[in-house]
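Have a look at the structure below before the remarks.
The values are calculated or read from the model by the stated rules, or taken from the named source; none is laboratory data. Just so it is clear, the model here is predicted, and its values are computed rather than measured. Cβ placement follows ideal geometry from the backbone for every residue including glycine, while neighbour counts extend to all protein chains displayed. Calculation scope for accessible area: heavy atoms of the full protein, side chains included, ligands and nucleic acids excluded. Shrake-Rupley method; radii C 1.70, N 1.55, O 1.52, S 1.80 Å.
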Amino acid sequence: MSSFEITSLGEVISDFEAYFSDLSQSRRRNPTDDVASLIANARIDGEPLPEFETNGYYIIIATAGHDTTSSSVAGGLLALIENPGEMAKLRDDPDRYMATALNEIIRWVTPVRQFMRTATADCRVGGVDIAEGEACALWYPSANRDEAVFDAPFEFRIDRRDAGHLAFGFGAHVCLGQHLARLEMAILYRELLRRVDRIELNGEPLYTQSTFVGGLKSLPIRFRMK
């Protein structure tokens with residue numbers, strides 16, 4: 001019998017909370033110049049945040065970005081494979097195209113599918129009346145293919161410079177890790193295209209079944225090194 005023990009989600013969360021509770025106490029005693037100190041010493045109306053809220057901030061920062069960034073990387077590679085002319089442009093001049101290519105990849109993939117929000121007041125959006133208290137689904141893939149915002153939104157173009165996508169959110173809820181995600185993706189694509197001469201599909205891509213964060217589950221490829 002295998003000695004491997006399956007840990008439940010509840011046990012993982014308990015371990016997280018114990019670790020981050022100790023971290024909060026440490027940063028309150030000896031604050032440093034880091035995000036943990038900001039969270040541990042934050043105050044609302046003069047009072048420190050309750051432990052539940054501080055641990056929630058720690059957990060979301062520690063775990064966010066894994067599925068979204070990996071989904072964007074894989075989905076971007078698929079888009080480049082399916083659009084060889086765009087891959088050639090990025091390979092030939094990454095300094096010129098990388099920034100816009102990353103924006104286009106993230107717009108194209110949009111790994112976060114939706115968020116639910118509750119209207120706090122009567123409003124009208126896109127010609128539709130929404131009453132205070134009604135639940136609304138924010139569908140990010142739809143927003144990122146809005147014909148009123150993007151020119152030819154169903155075309156993948158790494159030099160696209162029209163209005164920005166909403167995949168990272170905006171305002172108070174904008175993604176804190178977006179700069180790290182861009183950096184990771186840029187490094188991966190630069191090294192991949194520098195070292196690999198040819199990449200093509202070697203089977204049918206499969207997607208995860210998700211209504212929240214989704215992307216490729218498998219991307220079978222065949223490649224040749226330089």
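Couple of notes before you dig in:
- Qualifying residue in region 27-48 (condition: among the β-branched types (Val, Ile, Thr), without any contact (Cβ under 8 Å) to a residue 12 or more places away in the chain, over 30 Å from GLU104 (Cα atoms) and assigned to a strand (DSSP E or B)): yes
- Residues located in region 43-94, provided they are in contact with a strand residue (DSSP E or B) (Cβ under 9 Å, 6 or more places away or on another chain), within 22 Å of VAL112 (Cβ to Cβ) and hydroxyl-bearing (Ser, Thr, Tyr): THR68, SER70, SER71
- VAL149 vs. criteria open to solvent by 20 Å² or more (accessible area, probe 1.4 Å) and farther than 25 Å from LEU216 by Cβ: yes
- Considering region 161-207, and only residues there that are under 20 Å from the mean Cα position of the chain (by Cα) and among the β-branched types (Val, Ile, Thr), the residue that is nearest to ALA74 (Cα to Cα) turns out to be ILE187.
Here's the yes/no breakdown for (1) free of Cβ contacts under 8 Å to residues at least 40 places away in the same chain; (2) not hydroxyl-bearing (Ser, Thr, Tyr):
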position: ILE105; (1), (2): no, yes
position: VAL112; (1), (2): no, yes
position: THR118; (1), (2): yes, no
position: ILE130; (1), (2): yes, yes
position: GLY133; (1), (2): yes, yes
position: TYR140; (1), (2): yes, no
position: ALA148; (1), (2): yes, yes
position: ALA152; (1), (2): yes, yes
position: ILE158; (1), (2): no, yes
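- Residue match in region 52-69 (condition: hydrophobic (A, V, I, L, M, F, W, C), over 26 Å from LEU188 (Cα atoms) and not in a helix (DSSP H, G or I)): no
- Residues that are touching a helix residue (DSSP H, G or I) at 6+ places or on another chain (Cβ under 8 Å) and either modelled with pLDDT of 90 or more or loosely packed, with under 10 Cβ neighbours inside 10 Å (or both) within region 1-24 comprise PHE20, SER21, LEU23, SER24, listed in sequence order.
- Residues that are aliphatic (A, V, I, L, M) and open to solvent by 50 Å² or more (accessible area, probe 1.4 Å) were ranked within region 25-53; the one that is farthest from THR63 (Cα to Cα) is ILE44.
- Unmet criterion (only one of (1) in contact (Cβ under 8 Å) with a residue 60 or more places away in the chain; (2) open to solvent by 60 Å² or more (accessible area, probe 1.4 Å); (3) of a type in the set (Phe, Trp, Tyr); (4) farther than 18 Å from ARG113 by Cβ) for TYR189: (2)
- In region 75-137, counting only strands (runs of 3 or more DSSP E) that sit wholly within it, none holds 3 or more residues that are in contact with a Phe, Trp or Tyr (Cβ under 9 Å, 6 or more places away or on another chain) and open to solvent by 30 Å² or more (accessible area, probe 1.4 Å).
- When SER142 is tested against the conditions (1) open to solvent by less than 70 Å² (accessible area, probe 1.4 Å); (2) outside any loop (DSSP other than H, G, I, E, B), the lone failure is (1).
- Residues of region 199-219 that are within 20 Å of GLU86 (Cα to Cα), surrounded by 11 or more Cβ atoms within 10 Å (Cβ to Cβ) and without any contact (Cβ under 8 Å) to a residue 60 or more places away in the chain: none at all.
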